[in-house]
Protein chains: 2
Amino acid sequence: MPKSLRTPPGDALTNLMLDLFRLNSLLLTAGDRLVTRLGLTSARWQILGAIVNAERPQPVAWLARDLGANRQNVQRIVNDLHSEGLVTLAVNPHHRRAQLVVLTDKGRRAFDAAMALQAPWVNGLAEGLPVKDLQTVHRVVTALRKKLESSDEIEDRA
Amino acid sequence: MPKSLRTPPGDALTNLMLDLFRLNSLLLTAGDRLVTRLGLTSARWQILGAIVNAERPQPVAWLARDLGANRQNVQRIVNDLHSEGLVTLAVNPHHRRAQLVVLTDKGRRAFDAAMALQAPWVNGLAEGLPVKDLQTVHRVVTALRKKLESSDEIEDRA
DNA sequence: CTGTTATTGACATCATGATGTCAAATCGCT
DNA sequence: AGCGATTTGACATCATGATGTCAATAACAG
């Protein structure tokens with residue numbers, strides 16, 4: 001079978017992808033284990049991070065866009081976080097339905113605790129890897145992300 | 001908040017992870033779209049790939065180990081593939097319960113068709129990215145994977 | 001040969017993500 | 001002001017992945 005259908009970069013990227021999927025799965029389960037005793041999961045943690053990172057309270061749909069995730073799933077997790085008191089919903093002066101998601105003290109404490117656990121974990125994981133290489137990885141990952149996102153837009157318009 | 005809890009590589013890896021999750025999600029949905037008209041999904045495609053790649057027929061549990069996935073989920077998807085005629089189960093002379101998973105002609109055709117769609121897609125995606133950088137990415141990803149897998153083993157023994 | 005352990009498939013449960021639909025609310029244009 | 005398009009949350013469905021349990025089978029130690 002002619003593997004020559006692929007260009008050299010295409011071939012290199014193909015070889016990369018399976019390992020990428022596997023790394024993603026490993027990172028998620030490691031993250032789950034890391035924060036499980038805080039009542040968090042990777043997904044909840046990620047959403048708390050988006051809330052913290054935004055600085056200004058945002059409605060759910062905006063958080064979802066920031067994360068590149070589906071509105072509906074983010075909504076479900078935010079609802080869970082709300083019923084567990086990690087998050088409150090504040091009235092949005094600009095939109096009656098789209099309430100603003102705000103961290104509670106409990107939510108802030110949970111997020112800080114997660115970050116405190118994350119630091120030594122990620123330090124160990126990254127130990128021995130040149131920062132230069134990690135930056136290269138970041139650059140390539142971002143480039144691929146941009147390409148996929150822009151082709152998504154093209155297909156959406158179609 | 002002292003970000004100084006993290007080493008420089010740890011910090012670089014942290015910055016990388018969110019984009020990595022997002023890229024993973026984008027790749028999976030792009031893969032789904034690519035092969036959906038073949039009756040495939042990313043997960044099914046990946047499992048067909050593992051069967052092809054193994055050359056010798058294997059039972060489900062071995063395929064799962066090759067993929068770094070859960071036995072139970074691979075089993076479910078293999079069952080689906082079986083009921084759709086992409087795969088047959090052959091008697092294993094060494095183990096009465098653990099039947100061997102074998103591609104049917106239909107399964108082979110579906111896999112080949114998927115790869116034929118994948119080539120131009122991945123070529124476009126990888127276009128302009130230096131092979132050298134992609135190799136660096138692969139090296140880093142593999143290193144991280146190895147670290148996470150070995151620490152998994154340690155925790156399993158505990 | 002026997003008892004213990006490991007492997008394997010079947011079954012079940014839950015968390016997450018993708019997708020579609022709907023009604024309410026908002027926005028933009030006229 | 002009014003009307004259509006867009007945004008948003010609620011609800012539902014399905015695919016996938018992680019996890020646990022169970023019984024059948026196999027492998028191994030004695």
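The values are calculated or read from the model by the stated rules, or taken from the named source; none is laboratory data. The model shown is predicted, which means the values in this text are computed figures rather than measured ones. Quick reminder, even Gly has a Cβ in these numbers, built from the backbone with ideal geometry, and neighbours come from all protein chains shown.
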Can you tell me how many residues within the stretch A:69-100 are within 12 Å of DNA strand C (Cβ to nearest atom), farther than 11 Å from residue A:47 by Cα and touching a residue at least 24 places away in the same chain (Cβ under 8 Å)? 6
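The rows are residues; the columns are (1) in the same structural domain as residue B:114 (by TED's automatic domain parsing); (2) touching a helix residue (DSSP H, G or I) at 6+ places or on another chain (Cβ under 6 Å); (3) under 20 Å from residue A:70 (Cα atoms); (4) without any contact (Cβ under 8 Å) to a residue 12 or more places away in the chain.
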site	(1), (2), (3), (4)
B:5	no, yes, no, yes
B:10	no, yes, no, yes
B:15	no, no, no, yes
B:28	no, yes, yes, no
B:39	yes, no, no, no
B:51	yes, no, no, no
B:58	yes, no, no, no
B:62	yes, no, no, yes
In the stretch B:54-63, which residues are under 15 Å from the mean Cα position of the chain (by Cα) and modelled with pLDDT under 90? B:54
Show the residue pairs meeting these rules: Cβ distance below 9 Å; 6+ apart or different chains; first residue within the stretch A:126-140 and more than 7 Å from every other protein chain (Cβ to nearest Cβ) and modelled with pLDDT of 95 or more; second residue surrounded by fewer than 19 Cβ atoms within 10 Å (Cβ to Cβ) and in a helix (DSSP H, G or I). A:139/B:133
Could you please find all residues in the stretch B:87-124 being away from DNA strand D (no atom under 11 Å from the Cβ) and assigned to a loop (DSSP other than H, G, I, E, B)? B:104
Just give me the residues in the stretch A:25-51 being small (Gly, Ala, Ser), away from DNA strand C (no atom under 11 Å from the Cβ) and within 17 Å of residue B:22 (Cβ to Cβ), in sequence order. A:25, A:49, A:50
